[in-house]
Amino acid sequence: FIGGSVALNNPADLFSAWIPLWFRAPLIIAIVIGTISPNVLNIYSAGLSALASGIRMKQYQAAILTGAVGLVISLLGYQHFYKNYELVLFFLGYVIFPRFPVMVIGHLRPRAARWASFDIGTLGFLSWALGVVCSVPFWNQYPVFVGPFARAFPQFGDISFFVGAAASAIAYLGLTAPRDVIIKS
């Protein structure tokens, strides 16, 4: 209702016509503080991830480093923010989706490597990577990238999620065996 009843020249117009003048500055301060506080947790989590990756530094240094990297990324990508954000989300979907079958298969029936020289984590990673690589020809993110299959057969749409999931599942099933079968052998 409010959005349809106010002429918007900038985002502040959405609420400035409905609140008293004396309350506008405190409201903007509350909005700024409200957006900073969750991002403090994001920087903290990113710092912990940097430490978990094996980078040797103190926790506050990791937080500063990840915050600086985030600042640089945001300054480089602010011009077309929504389009860039959408592309990042699609890319994350492309690379995350092939991981789901590996996780589900491993959860429903615990697996073991068929060869003693490989551990189960490495085989899961290789299965995921193969699923991502197999899905690339089916990606359909015009104008950034359209894979050869998606370009040749647009009527199928973007089936890369299904292809990547199937490829990673087949690879994981082929590289591993149910844990109870390996133990009995």
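The values are calculated or read from the model by the stated rules, or taken from the named source; none is laboratory data. Quantities reported herein were computed from a predicted structural model and do not represent experimental measurements. FYI the Cβ positions are ideal-geometry reconstructions off the backbone, even for glycines, and counts take in every protein chain you see. Accessible surface is based on the protein model in full, side chains and every heavy atom, while ligands, DNA and RNA are left aside. Shrake-Rupley method; radii C 1.70, N 1.55, O 1.52, S 1.80 Å.
Within the group PHE125, PHE97, which residue is of a type in the set (Phe, Trp, Tyr), in contact with a helix residue (DSSP H, G or I) (Cβ under 8 Å, 6 or more places away or on another chain) and under 30 Å from LEU41 (Cα atoms)?
Unique residue meeting the criteria: PHE97.
The rows are residues; the columns are (1) closer than 30 Å to GLY131 by Cα; (2) hydrophobic (A, V, I, L, M, F, W, C); (3) modelled with pLDDT of 85 or more.
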residue: ARG24; (1), (2), (3): no, no, no
residue: ALA30; (1), (2), (3): no, yes, yes
residue: LEU41; (1), (2), (3): no, yes, yes
residue: GLY47; (1), (2), (3): yes, no, yes
residue: GLY54; (1), (2), (3): yes, no, no
residue: GLN61; (1), (2), (3): no, no, yes
residue: LEU65; (1), (2), (3): no, yes, yes
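Quick test for you: out of GLY131, GLY164, GLY174, pick the one residue that is in a helix (DSSP H, G or I), without any contact (Cβ under 8 Å) to a residue 60 or more places away in the chain and touching a Pro at 6+ places or on another chain (Cβ under 6 Å).
Step by step, each of GLY131, GLY164, GLY174 is checked, and only GLY131 is in a helix (DSSP H, G or I), without any contact (Cβ under 8 Å) to a residue 60 or more places away in the chain and touching a Pro at 6+ places or on another chain (Cβ under 6 Å).
Kindly provide the set of residues from the range 154-167 that are farther than 13 Å from VAL102 by Cβ and open to solvent by less than 30 Å² (accessible area, probe 1.4 Å), ordered by number.
Across the range 154-167, the qualifying residues are GLY157, SER160.
Counting only residues that are surrounded by 11 or more Cβ atoms within 10 Å (Cβ to Cβ) and outside any loop (DSSP other than H, G, I, E, B), how many does the range 51-69 have?
Final tally of qualifying residues: 11.
Give me the pairs, please: first residue somewhere in the range 68-97 and among the charged types (D, E, K, R), second residue anywhere and at pLDDT 85 or above, beta-carbon distance under 9 Å, and either six or more positions apart or on two chains.
No pair meets every condition.
State which residue is most open to solvent (accessible area, probe 1.4 Å) when the search covers only the range 70-80 and only residues that are farther than 8 Å from ALA46 by Cβ and assigned to a helix (DSSP H, G or I).
LEU76
Hey, can you tell me all the residues within the range 120-153 that are open to solvent by 90 Å² or more (accessible area, probe 1.4 Å) and in contact with a strand residue (DSSP E or B) (Cβ under 9 Å, 6 or more places away or on another chain)?
Matches in the range 120-153: ARG151 only.
Test each condition in (1) open to solvent by 50 Å² or more (accessible area, probe 1.4 Å); (2) in contact with a Phe, Trp or Tyr (Cβ under 6 Å, 6 or more places away or on another chain) for PRO98 and report the one that comes out false.
Exception for PRO98: condition (1).
Look through the range 106-119, keep the residues that are aliphatic (A, V, I, L, M) and outside any helix (DSSP H, G or I), and return whichever of them is most open to solvent (accessible area, probe 1.4 Å).
Checking each candidate, the answer is ALA116.
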